[in-house]
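Some notes on the structure that comes next.
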Amino acid sequence: MLPCLDEAAALLWVLPRVPPGLRAIVVDNGSTDDTANVARALGAHVVREERRGFGAACHAGLLAATADVVAFMDADGSLDPRQLDRVLDPLREGADLVLGRRRPTSAAAWPWHLRVANTVLVHRLERRTGLRLKDLGPMRAGRRAALLGLDLHDRRSGYPLEMVVRAADRRWRISEVDVDYAPRTGRSKVTGTPLGVVRAVRDMSAVLAS
């Protein structure tokens, strides 16, 4: 599942790199560019989610998926679909949820303020759940039926964190694997501005407090 808001340029690089045997589901979350047409032309299944929000787009993709095993990843060119096997393989070995731990390929890939925000949230997650993770994992994989069974409610930036919290509460086997993290194409709609970072942290803080 690839949640998208105006990611036509990035999809030109991302979709051709999806490994054979995997089905790309692009969730268009109200794009004003050519995201949907580019995705269809490159063979992706396109779902339109009118309700704005990262979580809304992710969940729409989960509902549209039909495979037993599913994966999520950002569609902005920061993550390489050729590394999806890194998060899929541990599921075959017994993991319930696998998170891609970002390893920046350059200093520009992960600005310091975003690293600080991630570190703070990971520490708060550890206090809440006991999990010792290094990253919230924008590339991740799990089993579709089990993920739907988590009954996730957040439809904004807190969706990925809520997934981990609820999985931990159910004592899922959660693991991390390293994935490369490169500078994204264009500016992030979520964390591309200080206000966006504040909103994302606020959404995630609400999940931890609930």
On the given criteria, is Ser175 modelled with pLDDT of 95 or more and either in a loop (DSSP other than H, G, I, E, B) or over 18 Å from Pro3 (Cβ atoms) (or both)? yes
Would you be able to tell me the number of residues in the range 53-84 that are among the β-branched types (Val, Ile, Thr) and either in a helix (DSSP H, G or I) or under 16 Å from Leu150 (Cβ atoms) (or both)? 2
Within the range 178-202, count every residue that is in a helix (DSSP H, G or I) and either at pLDDT 95 or above or surrounded by 15 or more Cβ atoms within 10 Å (Cβ to Cβ) (or both). 5
Looking only at residues in the range 139-153 that are surrounded by fewer than 23 Cβ atoms within 10 Å (Cβ to Cβ) and in contact with an Asp or Glu (Cβ under 9 Å, 6 or more places away or on another chain), which one is farthest from Asp89 (Cα to Cα)? His153
Here the residues within the range 85-115 that are outside any helix (DSSP H, G or I) and either of a type in the set (Val, Ile, Thr) or closer than 27 Å to Leu148 by Cβ (or both) are Glu93, Gly94, Ala95, Asp96, Leu97, Val98, Leu99, Gly100, Arg101, Arg102, Thr105
Selection over the range 90-111 where residues are closer than 16 Å to Ser78 by Cβ and either free of Cβ contacts under 8 Å to residues at least 24 places away in the same chain or in contact with a Cys (Cβ under 9 Å, 6 or more places away or on another chain) (or both) yields a count of 2
Looking only at the range 116-158, filter to residues that are among the hydroxyl-bearing types (Ser, Thr, Tyr) and assigned to a helix (DSSP H, G or I); which one of those is farthest from Tyr181 (Cα to Cα)? Thr129
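The values are calculated or read from the model by the stated rules, or taken from the named source; none is laboratory data. Computed from a prediction, not measured in an experiment: that's the story for all the values here. Positions of Cβ are generated from backbone atoms using ideal geometry, with glycine treated the same way; all protein chains shown enter the neighbour counts.
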